[in-house]
Amino acid sequence: GRFIVFENVTKRYPDGTTAVDDLSFEVAEGELVTLVGPSGCGKTTTMKMVNRLIEPSEGRILLDGEDIRAVDPVRLRRHIGYVIQQVGLFPHKTVLENTATVPRLLGWQRAKGRRRAAELLELVGLDPSVYGDRYPDQLSGGQRQRVGVARALAADPPVLLMDEPFGAVDPVVREHLQNEFLRLQAEVRKTVLFVTHDIEEAVRLGDRIAVYGHGRIEQLDPPARVLGAP
Ligand code: ADP
Ligand code: ADP
């Protein structure tokens, strides 16, 4: 089905900047769409409108057929996992506790939350018996991002928003993370919007690639079409 639908969405900031300009596009259930383009062309604004960190000035966004403004905000957050470039982990909680935060918020029992957290850490390639009891400052940057992905998946949300999640790690680690993410996505099949300014990353990960320019999507196609374009 059409899982995320943007209908004529415009975002103007109070200072008059039009960040997103009459944008209409659809993302299918289980599809991974990468948003690529230079800095300042509206990718992050697009993304943040989906979980209502930013409200559109015009137009509307549907999630699984429902206008997101009609969805209870708590439910909306539970349905949407969010991963950013520098994931904020609680410094005084262990990796396992950080990952189990969402299950705890959902009211799960401690033991069940910890079992779920351990599963998620396995899923993102961190052995919970090795890393579970470490603190965030005892991890590499790449490992912290993995914990961020695990935590975003904790409530099993149908939608994942990822904003340059691998942008701050070195190229070798980034390639590892990309491979792991592809493997993970093959398993969990989330509906994903993935922002990057790196065209190689966009092509590598995306089922389709939304090529941005100045608040608009100039092309929305599978990788082969984007690469083949003149
Ligand atoms: P990208 O993610 O592609 O780098 P953004 O969505 O962050 O682009 O920004 C799009 C445009 O909106 C840019 O011109 C940016 O400066 C502007 N912008 C972003 N956030 C704000 C804000 N809070 N107030 C005013 N302008 C903003
Ligand atoms: P990555 O390739 O995942 O970014 P790094 O090269 O940064 O990894 O780190 C290599 C190893 O060193 C990792 O296994 C990581 O767990 C460990 N490590 C990094 N920083 C620390 C730290 N402050 N304390 C303990 N171990 C660390």
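The values are calculated or read from the model by the stated rules, or taken from the named source; none is laboratory data. Predicted, not measured: the structure shown is a model, and the values here were computed from it. Note: ideal-geometry Cβ built from the backbone for every residue, glycine included; neighbour counts use all protein chains shown. SASA here: full protein model, heavy atoms, side chains in, ligands and nucleic acids out. Shrake-Rupley method; radii C 1.70, N 1.55, O 1.52, S 1.80 Å.
Give the residue that is least open to solvent (accessible area, probe 1.4 Å), with candidates limited to residues of region 2-37 that are acidic (D, E) and in contact (Cβ under 8 Å) with a residue 24 or more places away in the chain. Before you say what the answer is, go through the steps one by one.
The initial filter retains those residues of region 2-37 that are acidic (D, E), namely 7, 15, 21-22, 26, 29, 31.
The next check asks that each one be in contact (Cβ under 8 Å) with a residue 24 or more places away in the chain; those that pass are 7, 21-22, 26, 29, 31.
Working: E7: 62, D21: 53, D22: 74, E26: 72, E29: 116, E31: 23 Å².
Out of the qualifying residues, it is E31.
Among the strands (runs of 3 or more DSSP E) confined wholly to region 126-223, which include 2 or more residues that are modelled with pLDDT of 90 or more and open to solvent by 60 Å² or more (accessible area, probe 1.4 Å)? Talk me through it step by step, then tell me what you get.
On the way: elements: 159-163, 191-196, 208-213, 216-221.
It comes to 216-221.
Does T34 meet the test of being closer than 16 Å to A210 by Cα, assigned to a helix (DSSP H, G or I) and in contact with a Lys or Arg (Cβ under 9 Å, 6 or more places away or on another chain)?
no
Of the numbered conditions (1) more than 20 Å from G141 (Cβ to Cβ); (2) touching a Phe, Trp or Tyr at 6+ places or on another chain (Cβ under 7 Å), V226 satisfies every one except a single condition; which is it?
Failing condition for V226: (2).
Would you confirm, using the coordinates I've provided, whether S57 is over 15 Å from the mean Cα position of the chain (by Cα) and touching a residue at least 12 places away in the same chain (Cβ under 8 Å)? First the steps, then the outcome.
Values: over 15 Å from the mean Cα position of the chain (by Cα): yes; touching a residue at least 12 places away in the same chain (Cβ under 8 Å): yes.
Here the answer is yes, as S57 does meet what is asked.
Inspect all residues belonging to region 76-98 and state whether any of them is farther than 30 Å from L139 by Cβ, more than 16 Å from ligand 1 (Cβ to nearest atom) and either among the polar types (S, T, N, Q) or touching a Ser or Thr at 6+ places or on another chain (Cβ under 9 Å) (or both). Walk me through how you get there before you give the answer.
Taking region 76-98 and keeping what is farther than 30 Å from L139 by Cβ, we get none.
No, that holds for no residue.
With the condition kept exactly as written, say whether any residue in region 37-55 is within 11 Å of ligand 1 (Cβ to nearest atom), assigned to a strand (DSSP E or B) and in contact with a helix residue (DSSP H, G or I) (Cβ under 6 Å, 6 or more places away or on another chain).
No: region 37-55 contains no residue that is within 11 Å of ligand 1 (Cβ to nearest atom), assigned to a strand (DSSP E or B) and in contact with a helix residue (DSSP H, G or I) (Cβ under 6 Å, 6 or more places away or on another chain).
Just for region 38-94: of the residues that are basic (K, R) and open to solvent by 20 Å² or more (accessible area, probe 1.4 Å), which one is nearest to E201 (Cα to Cα)? Before the answer, list the steps.
If we filter region 38-94 for residues that are basic (K, R), which is where we start, we get 43, 48, 52, 60, 69, 75, 77-78, 93.
Still in the list and also open to solvent by 20 Å² or more (accessible area, probe 1.4 Å): 48, 52, 60, 69, 75, 77-78, 93.
Values: K48: 20, R52: 26, R60: 29, R69: 32, R75: 31, R77: 26, R78: 27, K93: 32 Å.
For region 38-94, the residue satisfying everything is K48.
Looking only at residues that are part of a loop (DSSP other than H, G, I, E, B) and buried (at least 19 other Cβ atoms within 10 Å of the Cβ) in region 95-124, which one is nearest to the chain's Cα centre (by Cα)? It would help to see each step written out before you state the result.
If we filter region 95-124 for residues that are part of a loop (DSSP other than H, G, I, E, B), which is where we start, we get 100, 106-109, 124.
Going one step further and asking which of them are buried (at least 19 other Cβ atoms within 10 Å of the Cβ), we end up with 100, 124.
Details: A100: 19, V124: 14 Å.
Across region 95-124, the extreme among qualifying residues is V124.
N179 passes all but one of (1) more than 19 Å from G42 (Cα to Cα); (2) in contact (Cβ under 8 Å) with a residue 40 or more places away in the chain; which number fails?
Failing condition for N179: (2).
Every residue, every condition in (1) within 16 Å of ligand 2 (Cβ to nearest atom); (2) under 11 Å from V124 (Cα atoms); (3) of a type in the set (G, A, S), yes or no:
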position: L153; (1), (2), (3): no, yes, no
position: P158; (1), (2), (3): no, no, no
position: N179; (1), (2), (3): yes, yes, no
position: Q185; (1), (2), (3): no, yes, no
position: V188; (1), (2), (3): no, no, no
position: V192; (1), (2), (3): no, no, no
